[in-house]
Amino acid sequence: LQLERQLLMQNQMRERQAAMQIAWTREFLKYFGTFFGLAAVGLTAGAIRKKNPGVLLPIVPLSFIFAYQYDMGYGTMLQRIKGEAENILETQSTLLELPKGPLTYEGLEKMRRAQSKFYIEK
């Protein structure tokens, strides 16, 4: 029962953290969208006034950033990331192995003893 409660609590914390990340992205998108819109209008006006289409060049990277943020906040990016993570877990699990293998109690104790100046073997 205690383990089940811990698992439920961990899942609730994970869901809340994910919700906070999505909410942060949506809030950032409002500010960045305003900046992008003003920059697009200003750069377009500058390109028309100077008769130089090169002035519009900064819109290209800004549009990629805007599209990324929109996809993260309102699009399907999270579903695609989840699908890719599931694919990695199923087909490429060797990528997830820790260097030198998993942590063990014995290994941690050995490291602790090696780092401790005051440890006395019994």
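When both residues are 6+ apart or on different chains and their Cβ atoms are under 8 Å apart, which pairs have a first residue that lies in segment 18-30 and is within 14 Å of D71 (Cβ to Cβ), and a second that is assigned to a helix (DSSP H, G or I) and open to solvent by 90 Å² or more (accessible area, probe 1.4 Å)?
From residues that are within 14 Å of D71 (Cβ to Cβ), the pairs are R26/Y74; L29/Y70; L29/Y74.
Would you confirm whether or not segment 37-45 contains a residue that is of a type outside the set (A, V, I, L, M), in a helix (DSSP H, G or I) and exposed (fewer than 10 other Cβ atoms within 10 Å of the Cβ)?
So far as segment 37-45 goes, no, none of its residues is of a type outside the set (A, V, I, L, M), in a helix (DSSP H, G or I) and exposed (fewer than 10 other Cβ atoms within 10 Å of the Cβ).
Go through segment 57-79 and report how many residues are in a helix (DSSP H, G or I), at pLDDT 95 or above and among the hydrophobic types (A, V, I, L, M, F, W, C).
The number of residues fulfilling the criteria is 7.
Can you tell me which residues in segment 1-47 are touching a Phe, Trp or Tyr at 6+ places or on another chain (Cβ under 7 Å) and of a type in the set (A, V, I, L, M, F, W, C)?
Within segment 1-47, L29, F32, F36 meet the criteria.
Taking the condition among the basic types (K, R), at pLDDT below 95 and not in a helix (DSSP H, G or I), does K82 pass?
Considered against the rule, which asks whether it is among the basic types (K, R), at pLDDT below 95 and not in a helix (DSSP H, G or I), K82 comes out as no.
Does any residue in segment 40-69 that is closer than 23 Å to F28 by Cα come within less than 9 Å, Cβ to Cβ, of a residue that is surrounded by 15 or more Cβ atoms within 10 Å (Cβ to Cβ) and of a type in the set (S, T, Y) six or more places away or on a different chain, and which pairs are these?
Close Cβ pairs satisfying both conditions: Q69/T25.
The values are calculated or read from the model by the stated rules, or taken from the named source; none is laboratory data. All of these numbers come straight from a predicted model, not from anything done at the bench. With ideal geometry, Cβ positions are generated from the backbone for all residues, glycine too; neighbour counts draw on all protein chains shown. For the accessible areas, the whole protein counts, side chains as well, though only heavy atoms, and no ligand, DNA or RNA atoms are used. Shrake-Rupley method; radii C 1.70, N 1.55, O 1.52, S 1.80 Å.
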